[in-house]
Amino acid sequence: MHCTRTGRGKPLLLVHGLGATCGSWDTISPALSQVREVVAVDLPGHGQTREETDSGTFEGLARSLDEWLRAENFTGVDMVGSSLGARLVLEMARRGRAGAVVALDPGGFWQGWERTFFKATITPSVALVRALRPALPAITRNVAGRAALMAQLSARPWALDGAFVARELKSLANTRTVNSLVKDLANGAMQEGPAKTAAPVVIGWGREDRLCLPQQADRATKAFPEATLHWFDRSGHFPMWDQPEETVRVILDATSVSELK
C-alpha cells in the first residue's frame, strides 16, 4: 500500500476513512510528526493504492491491512483511525495486531434504522459530489458552498480550508469502491470486540456527528469494554478537522506521549 512517512521516533500509523487518502490527516500530522514517525496509508482502492478484488468490502480492506502490517513488520504498532479507518484499527486490535489504538467516530456500530440512514444519506452525497467534480474548487472556495457540501461531516465547515475540502471531496468522487463499501458496511454485521492488547484503547466521538450518530458510542464501548470514551464537543464526524489540537492531545496521551517537544 502507498504510504507517507514524516517525522522521527516510534511509528504511529494513521488509517483514513471512506473515500479519503493519507492526506485526510494533514490537519494534525505535522503536529504528530514532531514526536512520532507518522506513517499514513492509502487503503486499497483509495488514493495511490490500487484496488484488489475484495477492496469493496470491509473484510477485504481488513485482510489487506493485516497482510501489509505483517509485511512491514508493523504488528503491534500504535494506530489511529477515522470513520472506516477507525473500525479497521479496532479490528486490528481485536486480532491482536495493534499497540495503542485511537478510533475516531468508528463505523460499524449502527442498528436498525441507522443502517438505512447511513446508506440513504451518504449515497446521494457521493452522487452529488461526482456530478459537481469539475466545479468543486470554485464551490469550496465559498463559505456557503463548503457549508452546504460538508454539513453532514463537519460541525464547522466554514472554518475548513477550501482547497483541503476540494481535495477531500475529489478523492471521494474518484474512489470507485465507495458505493460497494457503503452497501457492505450498511448491510454487514456490527463490529466485534474486545481488543487483544494491553495498550490503551480510546474511542473518540464528535457530539455533533451526523453520520455515525453519537448514540452508537455506547455500543462501541460495550463491544470494547477496555476502551476509554472521549467526547469531542463542537465536533462532527472528523475531530481531526473540527478540533485538531484536542485530537492531537488525545492521540499523544493514548500513545504515551503527553506533550509536543
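Using a/c under 1.5 as the rounded threshold, could you call the range 1-70 rounded, prolate or oblate? The axes a ≥ b ≥ c are square roots of the C-alpha gyration tensor eigenvalues, and prolate needs a/b larger than b/c, oblate otherwise.
Prolate.
Any chance you could run the full-extension gain for Arg156 through Lys222? It's 0.36 nm times the residue separation minus the Cα-Cα distance, nm to one decimal. Each step should come with its number before you reach the end.
Numbers: separation 66, 0.36 × 66 = 23.76 nm, distance 2.96 nm.
Contour length minus the Cα-Cα distance gives 20.8 nm.
Kirkwood hydrodynamic radius, the range 124-261, all distinct C-alpha pairs: what's the number in Å?
The answer is 16.8 Å.
How far, in nm, would the chain grow between Asn187 and Trp231 when pulled straight, counting 0.36 nm per residue and subtracting the alpha carbon separation?
13.1 nm
Can you pull out the GluC sites (Glu not before Pro) in the range 191-261 that DSSP calls coil and that have at most 12 other Cβ atoms within 10 Å?
Sites meeting the loop and neighbour criteria: Glu192, Glu259.
Putting +1 on Lys and Arg Cβ atoms and -1 on Asp and Glu Cβ atoms, find which of Thr221, Val250, Val39 reaches farthest to the positive end of the dipole of the chain.
So the residue furthest toward the plus end is Val39.
Using a Förster distance of 25 angstrom, determine the FRET efficiency expected from the C-beta separation of Arg95 and Ala135, and round it to 0.05.
Efficiency for this residue pair is about 0.05.
Pull up all non-local amide H partners of Leu14: gap of 5 or more, or a different chain, and H-to-H distance under 5 Å with H placed in the peptide plane.
Hits under the 5 Å cutoff: Val39, Ala40, Val41, Val80.
If R₀ is 22 angstrom, what is the calculated FRET efficiency for the pair Arg70 and Ala127, using the beta carbon separation as r and rounding to 0.05?
Here the calculated transfer efficiency is 0.05.
Pop out the ³J(HN,Hα) list for the range 27-40 in order, Karplus 6.51 cos²θ - 1.76 cosθ + 1.60 with θ = phi - 60°, rounded to Hz; leave Gly and Pro as x.
3J(HN,Hα) across the range 27-40, in whole Hz: 6, 10, 4, x, 5, 5, 6, 6, 10, 9, 7, 8, 10, 10.
Mind putting together the pair-distance distribution for the range 36-125? All Cα pairs, 10 Å bins, whole percent per bin, short to long.
Percent of pairs per bin, in order: 15, 46, 30, 8, 0.
Using θ = phi - 60° and the Karplus curve 6.51 cos²θ - 1.76 cosθ + 1.60, what whole-Hz ³J(HN,Hα) does each residue of the range 45-59 get, with Gly and Pro shown as x?
Values per residue, Gly and Pro as x: x, 10, x, 9, 9, 5, 6, 10, 4, 10, 6, x, 10, 5, 4 Hz.
State to the nearest 20 debye the size of the charge dipole of the chain about its Cα centre, where the only charges are +1 on K and R beta carbons and -1 on D and E beta carbons. Write down the numbers at each step before the final one.
On the way: 30 positive and 28 negative charges, 84 e Å.
Computed charge dipole of the chain: roughly 400 debye.
Size of the range 87-175 along its principal axes in angstrom, Cα-based, largest extent first?
Result for the range 87-175: principal-axis Cα extents of 45, 30, 24 Å.
Can you list residues from other chains, or at least 5 along the same chain, whose modelled amide H is less than 5 Å from the amide H of Ile203?
So Ile203 has HN proximity to Ala103, Thr228, Leu229, His230.
Quick one: of Lys119/Lys170; Lys10/Lys170; Lys10/Lys196, which pairs are farther than 24 Å apart, Cα to Cα?
Flagged as over cut-off: Lys10/Lys170.
Over all pairs of distinct alpha carbons, what does the Kirkwood formula give as the hydrodynamic radius of the range 142-185, in Å?
Computed over the range 142-185, the radius equals 11.4 Å.
Between Gln111 and Glu208, how high is the FRET efficiency from 1/(1 + (r/R0)^6) when r is the Cβ-Cβ distance and R₀ = 25 Å? Nearest 0.05. Before the final figure, lay out the partial values.
Values: r = 20 Å, r/R0 = 0.81.
Plugging the Cβ-Cβ distance into 1/(1 + (r/R0)^6) gives 0.75.
Name the residues whose placed amide hydrogens come within less than 5 Å of the amide hydrogen of Val77, ignoring near sequence neighbours (fewer than 5 apart) on the same chain.
Amide H neighbours of Val77: Gly99.
Treat every Asp and Glu Cβ in the range 1-69 as -1 and every Lys and Arg Cβ as +1, leave all other atoms uncharged, and give the resulting dipole magnitude about the Cα centre to the nearest 20 debye.
Here the size comes out at about 420 debye.
Within the range 59-74, which residues have the backbone N less than 11 Å from the label spot 7 Å out from Ser180 along Cα→beta-carbon, could you tell me?
60-61
Based on the Kirkwood radius over alpha-carbon pairs, what is the Stokes-Einstein translational diffusion coefficient of the chain at 20 °C with 1.002 mPa s viscosity, in µm²/s?
Rounded, D is 119 µm²/s.
Report for the chain the percent antiparallel among DSSP-assigned beta bridges with both residues inside it, nearest 5. Numbers along the way, then the final one.
Values: 4 of 27 bridges.
The answer is about 15 percent antiparallel.
No value in this document is a laboratory result; all are computed from the given coordinates. On a predicted model such as this, the values are computed, not experimentally measured, just so you know. Here Cβ is always computed from backbone atoms with ideal geometry, including for glycine, and neighbour counts include all displayed protein chains.
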